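Notes follow once the structure below has been shown.
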Amino acid sequence: MSLFLVLAAAHIAAYGVIAPAYFWQDAAVALMWLAVERRAVFWVLVVYVVINVPVMRALGTPLTWPMLRAAGGPLADSMRHYANWQNALAIVLVLAVAGLSSAGLRVGTRGFRAGTRAFRAGMCGLRGDTRAFRAFRPGTQPEARRVPLIVEGGVLSAILAAGLMWPIDTAGRARNAWTALIPRAPLTSAGDWRTTGFEPAPPVDLARFQGLAAGKNILLVSLESTAAQYLGLYGASPDPMPNLSELAQSAIVFDNAYAVYPESIKGLLSILCSQYPHFDTAVEDYASSPCRSVAEMLTGAGYRTALFHSGRFGYLGMESVIRDRGFGVIEDAGDIGGNHRSSFGVDEPATVTRVLGWIDSLRAGERFFAAYLPIAGHHPYATPEPGPFPERDEIGRYRNALHYGDESLGALMRGLRGRGLDRSTVWVVLGDHGEAFGQHPGNYGHTFHLYEENVHVPFLIAAPGVVPGQVRRSQVVSLIDTAPTLLDLAGIAAPSSYQGRSMLVGESRMALFFADYSLGLLGLRDGPRKFIYEMESGQGRMFDLAGDPGETRDISDSFRGRANWYARDLRNWSAAQSVAGTLAGRRTPD
């Protein structure tokens, strides 16, 4: 019962909820504890629960295995940001519940035992049975302990049953620090998953831009934690990225582009290799996964290639994705240096200076493909100088971080213009994933959910002086289409192993995405429809983004046949990716 009270207190301290649906897993863990009860182990369990309280308060989820792998040095600044009195108070409260409940229940149990022994001793005395009296001295009979255990088990079972029957969607917040570590079971299947089973969107009409970058330089910019909905380019006001909006005046702008995965490293795999990351697979496993990256293809076509990252390649196994992928030069914060350092990397102006310096080192007429990966926009949204937006809350600091990154994007634009390369360079600018600020319950950061703020990202192909004005398209595209689109722009055929295809030709397809850091979530965008499927519960939610861009009204009950088809398609897609990941792990690189 003590353990249950601690787990329940952690739920209340983190989420401020009191409902049976949130406590049934706490009761289940406590029931399991009945079989192995040991005081020392109890405090080990409690300490781990306490460690999770600030995590649950900040992110809406306890620690999972992927989160534990990610909690390294680069996130030190983000962790320090949550070292505040509110989290300290929550920790103290949960520890107090642990101490007081453990002591109180221990005293109560001892009193119950003493009362039972006294009663039995009295009965024995009435019978004059002194040997029986001695038999009931403390510690010699298990019956007195068995009765309170039965009572505790009955209470916990009632809580478990009430929670299972309570009709509340907790969005995974019923999990506690221990149940969140239970692994998911894999599935198996195969098929084609991006072709809709319903009315298709009109064909894409961008074929006239094929070969647009032939003979030109290509610059890929992957903006960190940048959701479309916060940008002036997508209707936000005020605009935190005016330089991006200026660049978009001579660009193809995709209004409905989606990340494959709401996290940078696995997302980068989909961008460079046009390959879906695999469900519940460590990033390090991709080091041996075959991949003909877009950098390798362009190197083979005579381009000089480089990748510059303001962060650190050691973060989350990023080296497994970018090493030996065809880049002639790769540099991160350790190589660049910079004027301002943080746990996550260096300042953006230093990286832009490095990019321009590398371009200056090339021989005249050499074509280049450069990838620039800034970190501005990543939590804790720190900037070396104050920005133009009020910082009353985190979204204000986030907008300032976007603005800071945009200033460096402007410096890169001016640097190319000053070198006379602006008309001979094609830009591809995208957001690697989005960022959430509580628009939906428990949705903070970017990694744990699949709402628009997590996965709907900017995507534009800019060619100043070549693309006449701004061309906007509403077709649904995916970042897995980035590499084949880049090659199509350059007039180079994409490898048949790519799982994406060029955004410039063909029928519109669905975008597929998933998250496995906490809950196992699968999702898709099909025209105006958005569907999110939770693997553990088998529940799905469907939204009509045309009339409900904030994803507030679940319409799946009104379109049950469509919802069932989407759920089946997503399960098949996820299962096939799991199988592909297992097979890839057994191969050696080509």
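The values are calculated or read from the model by the stated rules, or taken from the named source; none is laboratory data. Note that this is a predicted model, so its numbers are computed, not measured. Note that each Cβ is placed from the backbone with ideal geometry, even for glycine, and that neighbours are counted across all protein chains shown. Calculation scope for accessible area: heavy atoms of the full protein, side chains included, ligands and nucleic acids excluded. Shrake-Rupley method; radii C 1.70, N 1.55, O 1.52, S 1.80 Å.
Compute, for Ile51, the solvent-accessible surface of its heavy atoms (probe 1.4 Å) with the complete set of protein chains present, and express it in square angstrom to the nearest 10.
Estimated to the nearest 10 Å², Ile51 gives 90 Å².
Put a dot 7 Å past each Cα toward the Cβ at Arg341 and Ser537; how far apart are the dots in nm?
Between Ser537 and Arg341, the label points sit 4.6 nm apart.
List every residue whose amide H lies under 5 Å from the amide H of Thr305, counting only residues 5 or more places away in sequence or on a different chain, with H placed 1.01 Å from N in the peptide plane.
Counting only residues 5 or more places away or on other chains, the set is Gly328, Val329, Phe369.
To the nearest 0.05, what FRET efficiency results for Met32 and Glu284 with a Förster distance of 35 Å applied to their C-beta separation?
So, using R0 = 35 Å, E works out to roughly 0.65.
Note the full-extension length gain between Arg472 and Gln210 as 0.36 nm times their separation in residues minus their Cα-Cα distance, in nm to one decimal.
Stretched out fully, the Arg472 to Gln210 stretch lengthens by 92.7 nm.
State the percent of C-alpha pairs, over all pairs in the stretch 470-588, separated by a distance greater than 25 angstrom.
Value for the stretch 470-588: 35 percent of Cα pairs lie more than 25 Å apart.
For Gly491, what is the net charge nearby, where nearby means another residue's Cβ is under 15 Å from its Cβ and Lys, Arg count +1, Asp, Glu -1?
Summing Lys and Arg as +1 and Asp and Glu as -1 gives +2.
Lys and Arg at +1, Asp and Glu at -1: add these up for the other residues within a Cβ distance under 12 Å of Asp481 and post the number.
+2
Within a Cβ distance under 11 Å of Tyr234, other residues only, what is the Lys/Arg minus Asp/Glu net charge?
Summing Lys and Arg as +1 and Asp and Glu as -1 gives -2.
Which distance in nm do the two modelled labels at Ser157 and Thr552 give, with both placed 7 Å along the Cα-to-Cβ direction?
In this crude label model, Ser157 to Thr552 measures out at 4.5 nm.
By how many nm would the segment from Val329 to Arg419 lengthen if fully extended, with 0.36 nm per residue of separation less the alpha-carbon distance?
Roughly 30.3 nm would be gained on extension.
When ranked by the protection proxy of mean other Cβ atoms within 10 Å per residue, highest first, what sequence do the peptides 442-455, 83-96, 210-223 form?
442-455, 210-223, 83-96
Can you compute 3J(HN,Hα) from phi for each residue in the stretch 347-361, using the Karplus curve 6.51 cos²θ - 1.76 cosθ + 1.60 with θ = phi - 60°, rounded to whole Hz and x for Gly and Pro?
5, 5, x, 5, 5, 4, 4, 5, 4, 5, x, 5, 4, 5, 7
Taking amide H positions as placed in the peptide plane 1.01 Å from N, state which residues far from Val457 in sequence (5 or more) or on other chains have amide H under 5 Å from it.
Ala228, Ala257, Tyr258, Ala259
How large is ³J(HN,Hα), in whole Hz, for each residue of the stretch 260-266 in order, when computed from phi with the Karplus curve 6.51 cos²θ - 1.76 cosθ + 1.60 and θ = phi - 60°, using x for Gly and Pro?
With coefficients 6.51, -1.76 and 1.60, one gets 6, 8, x, 7, 5, 6, 5 Hz.
For the stretch 291-359, place one equal point scatterer on every Cα, skip the solvent, and apply the Debye formula. What is log10 of I(q)/I(0) at q = 0.29 Å⁻¹?
Results for the stretch 291-359 at q = 0.29 Å⁻¹ read -1.21.
Do any GluC sites (Glu not before Pro) in the stretch 309-376 lie in a loop, going by DSSP, with at most 15 other beta-carbon atoms within 10 Å of their beta carbon, and if so which?
Glu366
Let a ≥ b ≥ c be the square roots of the eigenvalues of the Cα gyration tensor of the stretch 190-272; is it rounded (a/c under 1.5), or, if not, prolate (a/b larger than b/c) or oblate?
Judged from the Cα gyration tensor, the stretch 190-272 comes out rounded (a/c under 1.5).
Among rounded, prolate and oblate, which fits the stretch 241-387 when a ≥ b ≥ c are the square roots of the eigenvalues of its C-alpha gyration tensor, a/c under 1.5 means rounded, and a/b larger than b/c means prolate?
rounded
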